[in-house]
Protein chains: 2
Amino acid sequence: MTELVLIGIGAGHPDQITLEAVDALQRVDVFFVVDKGPERHDLSQFREAVCRRHRPDEGYRTVRLPDPERDRHPADYGAAVRDWHQRRAELLAAAVHAELASDGVGAFLVWGDPALFDSTLRVATDVALQVPGLEIVVVPGISSIQALTARHRIPLNRIGRPVQITTGRRLAAGEVPEGCDLVVMLDGAAAFMTLPDLDHIYWGAYLGTTSEMLIEGVVADVRDDIIRARADARERHGWIMDTYLIRRNDQLGGASRV
Amino acid sequence: MTELVLIGIGAGHPDQITLEAVDALQRVDVFFVVDKGPERHDLSQFREAVCRRHRPDEGYRTVRLPDPERDRHPADYGAAVRDWHQRRAELLAAAVHAELASDGVGAFLVWGDPALFDSTLRVATDVALQVPGLEIVVVPGISSIQALTARHRIPLNRIGRPVQITTGRRLAAGEVPEGCDLVVMLDGAAAFMTLPDLDHIYWGAYLGTTSEMLIEGVVADVRDDIIRARADARERHGWIMDTYLIRRNDQLGGASRV
(Lines give C-alpha, C1' and ligand atoms only; values in the text may rest on other atoms or scores of the structure.)
Protein backbone atom coordinates (compact mmCIF):
# COMPACT_ATOMS: atom_id res chain seq x y z
CA MET A 1 0.00 0.00 0.00
CA THR A 2 1.21 3.49 -0.84
CA GLU A 3 0.76 6.10 1.86
CA LEU A 4 0.41 9.85 1.57
CA VAL A 5 0.76 11.45 5.01
CA LEU A 6 -0.26 15.03 5.76
CA ILE A 7 1.80 16.03 8.74
CA GLY A 8 0.81 19.09 10.77
CA ILE A 9 4.02 20.77 11.92
CA GLY A 10 2.55 23.57 14.02
CA ALA A 11 2.31 27.30 13.49
CA GLY A 12 5.97 28.28 13.79
CA HIS A 13 7.37 27.17 17.15
CA PRO A 14 9.80 24.33 16.37
CA ASP A 15 8.79 22.40 19.52
CA GLN A 16 5.07 22.63 18.77
CA ILE A 17 5.21 19.38 16.84
CA THR A 18 3.80 16.13 18.21
CA LEU A 19 5.62 12.86 18.82
CA GLU A 20 3.18 11.33 16.30
CA ALA A 21 4.32 13.86 13.68
CA VAL A 22 7.99 13.12 14.43
CA ASP A 23 7.33 9.37 14.07
CA ALA A 24 5.52 9.98 10.78
CA LEU A 25 8.37 12.17 9.50
CA GLN A 26 10.80 9.34 10.16
CA ARG A 27 8.90 6.97 7.86
CA VAL A 28 8.82 9.29 4.86
CA ASP A 29 10.50 8.39 1.57
CA VAL A 30 9.46 11.46 -0.42
CA PHE A 31 8.52 14.92 0.83
CA PHE A 32 6.34 16.77 -1.65
CA VAL A 33 6.69 20.55 -1.65
CA VAL A 34 4.48 22.97 -3.52
CA ASP A 35 6.60 25.75 -4.91
CA LYS A 36 4.98 29.00 -3.79
CA GLY A 37 7.66 31.43 -4.99
CA PRO A 38 10.03 33.66 -3.05
CA GLU A 39 7.46 35.27 -0.71
CA ARG A 40 7.20 32.02 1.20
CA HIS A 41 10.93 31.69 1.74
CA ASP A 42 10.64 31.72 5.58
CA LEU A 43 8.01 28.99 5.44
CA SER A 44 10.14 26.72 3.30
CA GLN A 45 13.11 27.37 5.59
CA PHE A 46 10.95 26.29 8.53
CA ARG A 47 10.00 23.07 6.71
CA GLU A 48 13.63 22.37 5.87
CA ALA A 49 14.64 22.94 9.51
CA VAL A 50 11.97 20.44 10.61
CA CYS A 51 13.41 17.85 8.21
CA ARG A 52 17.01 18.46 9.23
CA ARG A 53 16.11 18.12 12.91
CA HIS A 54 13.96 15.02 12.71
CA ARG A 55 15.57 13.29 9.73
CA PRO A 56 19.31 13.59 10.35
CA ASP A 57 19.70 10.38 8.31
CA GLU A 58 18.79 12.34 5.15
CA GLY A 59 17.32 9.12 3.76
CA TYR A 60 14.56 10.89 1.90
CA ARG A 61 13.98 12.77 -1.34
CA THR A 62 12.24 16.11 -1.86
CA VAL A 63 10.03 16.51 -4.92
CA ARG A 64 8.90 20.00 -5.88
CA LEU A 65 5.51 20.49 -7.49
CA PRO A 66 4.65 23.66 -9.38
CA ASP A 67 1.71 25.69 -8.04
CA PRO A 68 -0.79 26.22 -10.88
CA GLU A 69 -1.79 29.78 -11.75
CA ARG A 70 -4.75 31.00 -9.74
CA ASP A 71 -7.25 33.78 -10.27
CA ARG A 72 -6.92 35.87 -7.08
CA HIS A 73 -9.97 38.04 -7.75
CA PRO A 74 -12.51 35.68 -9.32
CA ALA A 75 -16.24 36.33 -9.69
CA ASP A 76 -16.94 32.95 -8.07
CA TYR A 77 -14.40 32.40 -5.30
CA GLY A 78 -15.39 28.80 -4.51
CA ALA A 79 -15.36 27.70 -8.15
CA ALA A 80 -11.97 29.31 -8.77
CA VAL A 81 -10.48 27.57 -5.73
CA ARG A 82 -11.97 24.22 -6.74
CA ASP A 83 -10.55 24.59 -10.25
CA TRP A 84 -7.13 25.37 -8.81
CA HIS A 85 -7.39 22.31 -6.54
CA GLN A 86 -8.29 20.16 -9.51
CA ARG A 87 -5.16 21.18 -11.39
CA ARG A 88 -3.03 20.63 -8.29
CA ALA A 89 -4.57 17.16 -7.89
CA GLU A 90 -3.58 16.22 -11.45
CA LEU A 91 0.02 17.30 -10.82
CA LEU A 92 0.16 15.42 -7.52
CA ALA A 93 -1.38 12.24 -8.96
CA ALA A 94 1.32 12.20 -11.64
CA ALA A 95 4.04 12.82 -9.05
CA VAL A 96 2.76 10.04 -6.73
CA HIS A 97 2.75 7.68 -9.70
CA ALA A 98 6.25 8.66 -10.80
CA GLU A 99 7.99 9.03 -7.42
CA LEU A 100 6.50 6.56 -4.92
CA ALA A 101 7.01 2.80 -4.83
CA SER A 102 3.92 0.66 -4.23
CA ASP A 103 4.86 0.44 -0.53
CA GLY A 104 6.31 3.95 -0.40
CA VAL A 105 5.46 6.78 1.97
CA GLY A 106 5.00 10.30 0.62
CA ALA A 107 4.28 13.31 2.80
CA PHE A 108 3.40 16.96 2.91
CA LEU A 109 4.53 19.03 5.87
CA VAL A 110 1.55 21.26 6.51
CA TRP A 111 1.77 24.54 8.43
CA GLY A 112 -0.50 24.45 11.50
CA ASP A 113 -3.16 21.74 11.33
CA PRO A 114 -3.99 20.00 8.02
CA ALA A 115 -7.75 20.40 8.67
CA LEU A 116 -7.81 24.16 8.99
CA PHE A 117 -7.93 26.50 6.00
CA ASP A 118 -5.42 24.47 4.08
CA SER A 119 -6.07 22.89 0.70
CA THR A 120 -3.59 20.00 0.86
CA LEU A 121 -6.11 17.54 2.31
CA ARG A 122 -8.71 18.33 -0.37
CA VAL A 123 -6.11 17.86 -3.09
CA ALA A 124 -4.86 14.61 -1.53
CA THR A 125 -8.41 13.26 -1.23
CA ASP A 126 -8.96 13.96 -4.94
CA VAL A 127 -5.73 12.14 -5.74
CA ALA A 128 -6.73 9.11 -3.65
CA LEU A 129 -9.83 8.78 -5.85
CA GLN A 130 -7.60 8.59 -8.92
CA VAL A 131 -4.78 6.39 -7.59
CA PRO A 132 -5.93 2.91 -6.48
CA GLY A 133 -4.36 1.71 -3.22
CA LEU A 134 -3.29 5.15 -2.06
CA GLU A 135 -4.02 5.61 1.64
CA ILE A 136 -4.32 9.14 3.08
CA VAL A 137 -3.18 9.63 6.69
CA VAL A 138 -3.67 12.89 8.59
CA VAL A 139 -1.46 13.81 11.54
CA PRO A 140 -2.92 16.79 13.40
CA GLY A 141 -0.74 19.76 14.33
CA ILE A 142 -0.99 22.79 16.59
CA SER A 143 -2.87 25.49 14.66
CA SER A 144 -2.21 29.22 14.67
CA ILE A 145 -5.49 29.61 16.61
CA GLN A 146 -4.10 27.48 19.42
CA ALA A 147 -0.76 29.29 19.35
CA LEU A 148 -2.69 32.59 19.52
CA THR A 149 -4.81 31.70 22.54
CA ALA A 150 -1.86 30.06 24.31
CA ARG A 151 0.34 33.14 23.92
CA HIS A 152 -2.45 35.50 25.00
CA ARG A 153 -3.25 33.01 27.79
CA ILE A 154 -6.96 33.14 27.07
CA PRO A 155 -9.65 30.51 26.49
CA LEU A 156 -10.93 30.28 22.92
CA ASN A 157 -14.56 30.23 24.06
CA ARG A 158 -16.41 32.04 26.80
CA ILE A 159 -18.29 29.77 29.23
CA GLY A 160 -20.86 27.70 27.35
CA ARG A 161 -20.68 30.09 24.40
CA PRO A 162 -19.96 29.53 20.72
CA VAL A 163 -16.98 30.66 18.65
CA GLN A 164 -17.04 30.96 14.89
CA ILE A 165 -13.93 30.47 12.78
CA THR A 166 -14.31 32.63 9.70
CA THR A 167 -12.32 34.51 7.05
CA GLY A 168 -11.31 38.13 6.58
CA ARG A 169 -13.30 38.07 3.33
CA ARG A 170 -16.53 37.22 5.19
CA LEU A 171 -15.89 39.69 7.97
CA ALA A 172 -15.29 42.45 5.39
CA ALA A 173 -18.61 41.48 3.75
CA GLY A 174 -20.38 42.14 7.06
CA GLU A 175 -21.05 38.48 7.81
CA VAL A 176 -20.76 38.80 11.56
CA PRO A 177 -23.03 36.44 13.51
CA GLU A 178 -24.76 37.72 16.64
CA GLY A 179 -23.84 36.40 20.06
CA CYS A 180 -20.74 34.59 18.88
CA ASP A 181 -17.05 35.35 19.28
CA LEU A 182 -14.94 35.12 16.13
CA VAL A 183 -11.60 33.78 15.03
CA VAL A 184 -10.56 35.38 11.75
CA MET A 185 -8.19 33.66 9.34
CA LEU A 186 -6.76 34.81 5.99
CA ASP A 187 -7.45 38.50 6.57
CA GLY A 188 -5.18 40.13 4.01
CA ALA A 189 -7.25 43.31 3.84
CA ALA A 190 -7.51 44.30 7.54
CA ALA A 191 -11.21 43.52 7.84
CA PHE A 192 -10.92 44.08 11.61
CA MET A 193 -11.09 47.81 10.78
CA THR A 194 -14.83 47.28 10.26
CA LEU A 195 -15.42 45.88 13.77
CA PRO A 196 -17.36 47.91 16.35
CA ASP A 197 -15.17 50.04 18.65
CA LEU A 198 -16.00 48.10 21.81
CA ASP A 199 -15.23 44.61 20.58
CA HIS A 200 -12.04 43.20 22.08
CA ILE A 201 -9.31 41.89 19.76
CA TYR A 202 -6.48 39.44 20.49
CA TRP A 203 -4.10 39.60 17.53
CA GLY A 204 -0.91 37.68 16.80
CA ALA A 205 1.58 37.22 13.95
CA TYR A 206 4.50 34.83 13.37
CA LEU A 207 3.25 33.00 16.47
CA GLY A 208 5.82 30.89 18.28
CA THR A 209 8.73 32.27 16.24
CA THR A 210 11.39 34.78 17.27
CA SER A 211 9.46 37.37 15.22
CA GLU A 212 6.24 36.86 17.19
CA MET A 213 4.00 39.91 17.63
CA LEU A 214 1.04 40.14 20.03
CA ILE A 215 -1.44 43.00 20.43
CA GLU A 216 -4.66 42.95 22.43
CA GLY A 217 -7.21 45.50 23.54
CA VAL A 218 -10.47 47.20 22.75
CA VAL A 219 -10.69 47.56 18.97
CA ALA A 220 -10.95 51.37 19.07
CA ASP A 221 -7.69 51.53 21.04
CA VAL A 222 -5.53 49.09 19.11
CA ARG A 223 -6.76 48.87 15.52
CA ASP A 224 -4.27 51.48 14.31
CA ASP A 225 -1.45 49.74 16.19
CA ILE A 226 -2.29 46.53 14.38
CA ILE A 227 -2.36 48.27 11.00
CA ARG A 228 1.10 49.73 11.70
CA ALA A 229 2.47 46.43 13.04
CA ARG A 230 1.26 44.60 9.94
CA ALA A 231 2.76 47.15 7.57
CA ASP A 232 6.12 47.08 9.39
CA ALA A 233 6.13 43.28 9.45
CA ARG A 234 5.25 42.98 5.75
CA GLU A 235 8.12 45.29 4.92
CA ARG A 236 10.59 43.39 7.12
CA HIS A 237 9.59 39.81 6.21
CA GLY A 238 8.01 40.24 2.77
CA TRP A 239 4.92 38.33 4.01
CA ILE A 240 2.74 38.06 7.07
CA MET A 241 0.88 35.21 8.69
CA ASP A 242 -1.46 36.53 11.35
CA THR A 243 -4.75 35.65 12.99
CA TYR A 244 -6.99 37.08 15.67
CA LEU A 245 -9.80 36.35 18.08
CA ILE A 246 -12.65 38.83 18.59
CA ARG A 247 -14.67 38.89 21.80
CA ARG A 248 -17.89 40.59 20.69
CA ASN A 249 -19.12 43.35 22.99
CA ASP A 250 -22.65 42.04 23.19
CA GLN A 251 -25.09 41.69 26.05
CA LEU A 252 -25.29 37.92 26.13
CA GLY A 253 -22.26 37.42 28.32
CA GLY A 254 -23.36 39.85 31.03
CA ALA A 255 -20.51 41.04 33.22
CA SER A 256 -18.20 38.20 32.23
CA ARG A 257 -15.86 38.99 29.36
CA VAL A 258 -13.83 35.81 29.76
CA MET B 1 9.08 33.52 40.04
CA THR B 2 6.53 30.77 40.55
CA GLU B 3 5.15 29.17 37.40
CA LEU B 4 1.83 27.45 36.82
CA VAL B 5 1.90 25.62 33.48
CA LEU B 6 -1.23 24.34 31.76
CA ILE B 7 -0.03 21.54 29.53
CA GLY B 8 -2.28 20.28 26.75
CA ILE B 9 -1.73 16.51 26.48
CA GLY B 10 -3.98 15.77 23.51
CA ALA B 11 -7.31 13.99 23.20
CA GLY B 12 -6.26 10.42 24.00
CA HIS B 13 -3.54 9.27 21.59
CA PRO B 14 -0.37 9.01 23.70
CA ASP B 15 1.81 10.30 20.83
CA GLN B 16 -0.39 13.34 20.19
CA ILE B 17 1.64 15.40 22.62
CA THR B 18 4.10 18.07 21.51
CA LEU B 19 7.82 18.28 22.20
CA GLU B 20 7.03 21.58 23.96
CA ALA B 21 4.61 19.75 26.28
CA VAL B 22 7.21 17.04 27.00
CA ASP B 23 9.81 19.73 27.82
CA ALA B 24 7.32 21.48 30.11
CA LEU B 25 6.45 18.20 31.84
CA GLN B 26 10.11 17.66 32.61
CA ARG B 27 10.36 20.95 34.52
CA VAL B 28 7.39 20.31 36.81
CA ASP B 29 7.78 20.06 40.58
CA VAL B 30 4.10 19.58 41.46
CA PHE B 31 1.30 18.19 39.33
CA PHE B 32 -2.09 19.41 40.50
CA VAL B 33 -4.97 17.04 39.89
CA VAL B 34 -8.64 17.85 40.40
CA ASP B 35 -10.36 14.84 41.90
CA LYS B 36 -13.39 14.16 39.70
CA GLY B 37 -14.51 10.86 41.25
CA PRO B 38 -14.50 7.33 39.86
CA GLU B 39 -16.22 8.06 36.52
CA ARG B 40 -13.06 9.77 35.32
CA HIS B 41 -10.83 6.82 36.16
CA ASP B 42 -9.68 6.31 32.53
CA LEU B 43 -8.74 9.98 32.26
CA SER B 44 -6.63 9.91 35.40
CA GLN B 45 -4.99 6.70 34.18
CA PHE B 46 -4.10 8.51 30.95
CA ARG B 47 -2.57 11.40 32.91
CA GLU B 48 -0.58 8.98 35.05
CA ALA B 49 0.69 7.16 31.95
CA VAL B 50 1.84 10.50 30.49
CA CYS B 51 3.78 11.22 33.69
CA ARG B 52 5.33 7.76 33.86
CA ARG B 53 6.45 7.98 30.25
CA HIS B 54 7.90 11.47 30.27
CA ARG B 55 9.03 11.68 33.89
CA PRO B 56 10.77 8.37 34.56
CA ASP B 57 12.84 10.20 37.19
CA GLU B 58 9.72 10.46 39.41
CA GLY B 59 11.16 13.71 40.79
CA TYR B 60 7.76 15.32 41.20
CA ARG B 61 4.84 15.36 43.60
CA THR B 62 1.14 15.02 42.84
CA VAL B 63 -1.28 17.18 44.82
CA ARG B 64 -4.98 16.34 44.64
CA LEU B 65 -7.52 19.15 44.87
CA PRO B 66 -11.15 18.44 45.70
CA ASP B 67 -13.72 19.45 43.10
CA PRO B 68 -16.31 21.73 44.74
CA GLU B 69 -19.98 20.73 44.53
CA ARG B 70 -21.68 22.11 41.45
CA ASP B 71 -25.31 22.68 40.55
CA ARG B 72 -25.75 20.66 37.33
CA HIS B 73 -29.19 22.10 36.48
CA PRO B 74 -28.98 25.74 37.49
CA ALA B 75 -31.41 28.48 36.46
CA ASP B 76 -28.44 30.64 35.37
CA TYR B 77 -25.83 28.35 33.79
CA GLY B 78 -23.11 31.00 33.41
CA ALA B 79 -23.46 32.25 36.99
CA ALA B 80 -23.37 28.71 38.39
CA VAL B 81 -20.20 27.91 36.44
CA ARG B 82 -18.55 31.16 37.49
CA ASP B 83 -19.37 30.47 41.14
CA TRP B 84 -17.91 26.97 40.84
CA HIS B 85 -14.75 28.43 39.23
CA GLN B 86 -14.44 30.92 42.08
CA ARG B 87 -14.44 28.15 44.67
CA ARG B 88 -11.93 26.15 42.64
CA ALA B 89 -9.70 29.24 42.41
CA GLU B 90 -9.70 29.61 46.20
CA LEU B 91 -8.65 25.97 46.64
CA LEU B 92 -5.92 26.28 44.01
CA ALA B 93 -4.57 29.56 45.41
CA ALA B 94 -4.21 27.88 48.82
CA ALA B 95 -2.52 24.86 47.24
CA VAL B 96 -0.07 26.99 45.21
CA HIS B 97 0.82 28.86 48.38
CA ALA B 98 1.28 25.68 50.41
CA GLU B 99 2.94 23.44 47.84
CA LEU B 100 5.11 25.53 45.51
CA ALA B 101 8.44 27.17 46.33
CA SER B 102 8.94 30.77 45.14
CA ASP B 103 10.83 29.42 42.09
CA GLY B 104 8.71 26.26 41.80
CA VAL B 105 6.84 24.96 38.79
CA GLY B 106 3.31 23.64 39.18
CA ALA B 107 1.27 22.16 36.36
CA PHE B 108 -2.06 20.84 35.27
CA LEU B 109 -2.17 18.21 32.53
CA VAL B 110 -5.17 19.29 30.49
CA TRP B 111 -7.06 16.94 28.20
CA GLY B 112 -7.00 18.24 24.61
CA ASP B 113 -6.12 21.93 24.35
CA PRO B 114 -6.24 24.19 27.44
CA ALA B 115 -8.11 26.90 25.48
CA LEU B 116 -11.08 24.80 24.43
CA PHE B 117 -14.07 24.18 26.69
CA ASP B 118 -11.90 23.63 29.72
CA SER B 119 -12.10 25.67 32.89
CA THR B 120 -8.53 25.22 34.16
CA LEU B 121 -7.22 28.36 32.42
CA ARG B 122 -10.00 30.55 33.84
CA VAL B 123 -9.34 29.21 37.33
CA ALA B 124 -5.57 29.67 36.93
CA THR B 125 -6.05 33.25 35.70
CA ASP B 126 -8.15 34.02 38.78
CA VAL B 127 -5.44 32.55 40.98
CA ALA B 128 -2.73 34.63 39.29
CA LEU B 129 -4.70 37.74 40.29
CA GLN B 130 -4.54 36.62 43.94
CA VAL B 131 -0.96 35.30 44.10
CA PRO B 132 1.70 37.95 43.37
CA GLY B 133 4.53 36.73 41.13
CA LEU B 134 2.64 33.73 39.78
CA GLU B 135 3.22 33.36 36.04
CA ILE B 136 0.71 31.39 33.94
CA VAL B 137 2.10 29.51 30.92
CA VAL B 138 -0.13 27.74 28.38
CA VAL B 139 1.18 24.87 26.25
CA PRO B 140 -1.27 24.06 23.47
CA GLY B 141 -2.33 20.48 22.81
CA ILE B 142 -4.14 18.57 20.07
CA SER B 143 -7.86 18.98 20.67
CA SER B 144 -10.58 16.38 20.18
CA ILE B 145 -11.77 18.45 17.19
CA GLN B 146 -8.42 17.97 15.50
CA ALA B 147 -8.34 14.27 16.36
CA LEU B 148 -11.86 13.98 14.91
CA THR B 149 -11.09 15.61 11.58
CA ALA B 150 -7.75 13.78 11.28
CA ARG B 151 -9.35 10.37 11.82
CA HIS B 152 -12.22 11.13 9.42
CA ARG B 153 -9.61 12.63 7.04
CA ILE B 154 -11.73 15.71 6.40
CA PRO B 155 -11.05 19.45 6.50
CA LEU B 156 -12.69 21.30 9.39
CA ASN B 157 -13.99 24.04 7.10
CA ARG B 158 -15.39 24.03 3.59
CA ILE B 159 -13.58 26.34 1.17
CA GLY B 160 -13.79 29.93 2.40
CA ARG B 161 -16.67 29.04 4.71
CA PRO B 162 -17.13 29.46 8.45
CA VAL B 163 -17.34 26.81 11.15
CA GLN B 164 -18.93 27.40 14.53
CA ILE B 165 -17.79 25.56 17.64
CA THR B 166 -20.77 25.26 19.93
CA THR B 167 -22.27 23.10 22.70
CA GLY B 168 -24.91 20.38 22.79
CA ARG B 169 -26.90 22.63 25.11
CA ARG B 170 -27.09 25.38 22.45
CA LEU B 171 -27.85 22.95 19.64
CA ALA B 172 -30.68 21.46 21.71
CA ALA B 173 -32.02 24.98 22.26
CA GLY B 174 -32.27 25.41 18.48
CA GLU B 175 -29.36 27.84 18.24
CA VAL B 176 -28.19 26.71 14.82
CA PRO B 177 -26.67 29.50 12.72
CA GLU B 178 -27.43 29.62 9.00
CA GLY B 179 -24.76 28.93 6.41
CA CYS B 180 -22.24 27.64 8.90
CA ASP B 181 -20.97 24.16 9.66
CA LEU B 182 -20.88 23.17 13.33
CA VAL B 183 -18.60 21.40 15.75
CA VAL B 184 -20.54 20.30 18.81
CA MET B 185 -18.84 19.78 22.17
CA LEU B 186 -20.26 18.61 25.52
CA ASP B 187 -23.37 17.04 24.05
CA GLY B 188 -24.49 14.79 26.89
CA ALA B 189 -28.11 14.74 25.72
CA ALA B 190 -27.75 13.69 22.05
CA ALA B 191 -28.78 17.07 20.66
CA PHE B 192 -27.80 15.79 17.18
CA MET B 193 -31.18 14.03 17.16
CA THR B 194 -32.71 17.48 16.47
CA LEU B 195 -30.65 18.06 13.31
CA PRO B 196 -32.30 18.02 9.87
CA ASP B 197 -32.21 14.63 8.10
CA LEU B 198 -29.94 15.78 5.27
CA ASP B 199 -27.18 17.31 7.34
CA HIS B 200 -24.01 15.21 7.33
CA ILE B 201 -22.45 14.17 10.65
CA TYR B 202 -18.89 13.08 11.42
CA TRP B 203 -18.89 11.63 14.94
CA GLY B 204 -16.08 10.24 17.08
CA ALA B 205 -15.52 9.02 20.63
CA TYR B 206 -12.41 8.08 22.63
CA LEU B 207 -10.44 9.51 19.71
CA GLY B 208 -6.90 8.24 19.33
CA THR B 209 -7.34 5.50 21.94
CA THR B 210 -7.76 1.78 21.42
CA SER B 211 -11.49 2.29 22.16
CA GLU B 212 -11.90 4.81 19.32
CA MET B 213 -15.30 4.84 17.58
CA LEU B 214 -16.05 6.67 14.31
CA ILE B 215 -19.40 7.04 12.55
CA GLU B 216 -20.20 9.28 9.60
CA GLY B 217 -23.09 9.74 7.23
CA VAL B 218 -26.27 11.61 6.51
CA VAL B 219 -27.98 12.31 9.84
CA ALA B 220 -31.15 10.40 8.93
CA ASP B 221 -29.07 7.29 8.20
CA VAL B 222 -26.73 7.25 11.19
CA ARG B 223 -28.37 9.05 14.10
CA ASP B 224 -29.74 5.81 15.59
CA ASP B 225 -26.35 4.11 15.15
CA ILE B 226 -24.75 6.93 17.14
CA ILE B 227 -27.36 6.66 19.89
CA ARG B 228 -26.67 2.92 20.15
CA ALA B 229 -22.89 3.37 20.03
CA ARG B 230 -23.03 5.97 22.80
CA ALA B 231 -25.23 3.79 25.03
CA ASP B 232 -22.96 0.75 24.53
CA ALA B 233 -19.85 2.83 25.21
CA ARG B 234 -21.28 4.42 28.34
CA GLU B 235 -22.10 0.96 29.66
CA ARG B 236 -18.63 -0.39 28.85
CA HIS B 237 -16.53 2.57 30.03
CA GLY B 238 -18.79 4.26 32.56
CA TRP B 239 -18.29 7.57 30.73
CA ILE B 240 -18.03 8.91 27.20
CA MET B 241 -16.05 11.68 25.61
CA ASP B 242 -17.29 12.36 22.10
CA THR B 243 -17.57 15.20 19.63
CA TYR B 244 -18.85 15.73 16.13
CA LEU B 245 -18.77 17.95 13.07
CA ILE B 246 -21.95 18.81 11.16
CA ARG B 247 -21.87 19.80 7.50
CA ARG B 248 -25.13 21.67 7.09
CA ASN B 249 -27.17 20.73 4.03
CA ASP B 250 -27.70 24.28 2.86
CA GLN B 251 -27.56 25.89 -0.55
CA LEU B 252 -24.53 28.08 -0.01
CA GLY B 253 -21.99 25.43 -0.85
CA GLY B 254 -23.54 24.43 -4.15
CA ALA B 255 -22.46 21.03 -5.39
CA SER B 256 -19.36 20.86 -3.22
CA ARG B 257 -19.91 19.16 0.12
CA VAL B 258 -16.27 19.12 1.08
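The values are calculated or read from the model by the stated rules, or taken from the named source; none is laboratory data. Nothing here was measured: the structure is a model prediction, and the numbers come from that model. Glycine gets a Cβ as well: all are built from the backbone with ideal geometry, and neighbour counts include every protein chain shown. Side chains are part of the model used for accessible areas, which takes the heavy atoms of the whole protein and leaves out ligands, DNA and RNA. Shrake-Rupley method; radii C 1.70, N 1.55, O 1.52, S 1.80 Å.
Of note:
- Look at the stretch A:1-12: the mean tally of other chain Cβ atoms within 10 Å of its residues' Cβ atoms is 1.
- Interface B:A - total buried accessible surface [probe 1.4 Å, Å², rounded to 100]: 4400 Å²
- Interface residues of the range A:152-168, defined as those with an accessible-area decrease of at least 30 Å² between the chain by itself and the complete set of protein chains (probe 1.4 Å), are A:Arg153, A:Pro155, A:Leu156, A:Asn157, A:Ile159, A:Gly160, A:Pro162, A:Val163, A:Gln164, A:Ile165.
- The 3J(HN,Hα) values that the Karplus relation (6.51, -1.76, 1.60; θ = phi - 60°) gives for the range A:74-82 are, in residue order, x, 5, 10, 4, x, 5, 5, 5, 5 Hz. Gly and Pro appear as x.
- Modelled spin labels at A:Ala80 and A:Ala173, positioned 7 Å past Cα toward Cβ, are 1.2 nm from each other.
- For chain B, radius of gyration divided by Kirkwood radius, i.e. Rg to Rh on alpha-carbons: 0.99
- Couplings 3J(HN,Hα) for the range A:64-70, derived from phi with the Karplus relation 6.51 cos²θ - 1.76 cosθ + 1.60 (θ = phi - 60°), are 8, 10, x, 9, x, 4, 9 Hz, where x marks Gly and Pro.
- Efficiency of FRET between A:Asp224 and A:Met1 - r from beta-carbon atoms, R0 51 angstrom, step 0.05: 0.40
- Per residue accessible area in Å² of the protein assembly as shown, where ligands, DNA and RNA are left out and the probe is 1.4 Å: 43 Å²
- Between B:Asp42, B:Asp224, B:Asp71, the residue with the greatest mean-square fluctuation in the GNM of chain B (Cα pairs under 10 Å linked by springs) is B:Asp71.
- Label-point separation, A:Arg87 to A:Glu212 (7 Å along Cα→Cβ), nm: 3.8 nm
- Chain B: relative contact order in percent, alpha carbon pairs under 8 Å with at least 6 residues between: 23 percent
- For A:Lys36, solvent-accessible area (1.4 Å; no DNA, RNA or ligand), Å²: 80 Å²
- The range B:220-242 residues near the modelled B:Arg72 label - backbone nitrogen below 14 Å, point 7 Å along Cα→Cβ: B:238-240
- Histogrammed with a bin width of 20 Å, the alpha carbon distances of the protein assembly as shown distribute as 21, 59, 20, 0 percent, first bin at zero.
- The range A:113-171 versus the range B:1-35: alpha-carbon centroid distance in Å: 23 Å
- Check: the protein assembly as shown dipole with +1 on Lys, Arg Cβ and -1 on Asp, Glu Cβ, in debye: 200 debye
- Extent along principal axes [Cα atoms of the range A:74-180; Å; largest to smallest]: 50, 36, 20
- Charged neighbours of A:Ile227, selected by a Cβ distance under 14 Å, balance to -3 (K, R count +1; D, E count -1).
- Rg and Dmax of the range A:117-249, Cα atoms only, in Å: 16.8, 56
- Seen from A:Asp181, the other residues with C-beta closer than 10 Å to its C-beta sum to a net charge of +2, counting Lys and Arg as +1 and Asp and Glu as -1.
- Distance between the 7 Å Cα→Cβ label points at B:Asp23 and A:Arg52: 1.7 nm.
- Taking 0.36 nm per residue of sequence separation and removing the Cα-Cα distance, the B:Glu99/B:Thr62 pair yields an extension gain of 12.3 nm.
- Carbon plus sulfur fraction of accessible area for chain B, probe 1.4 Å, in percent: 50 percent
- Accessible-area ranking of B:Met193, B:Met185, largest first, probe 1.4 Å: B:Met193, B:Met185
- Net dipole in debye of chain B [+1 Lys, Arg Cβ; -1 Asp, Glu Cβ; about Cα centre; nearest 20]: 320 debye
- Alpha-carbon spread of the range B:6-102, three principal axes, descending order, Å: 46, 34, 24
- Interface residues, the range B:69-105 - accessible area loss of 40 Å² or more versus chain alone, probe 1.4 Å: B:Arg82
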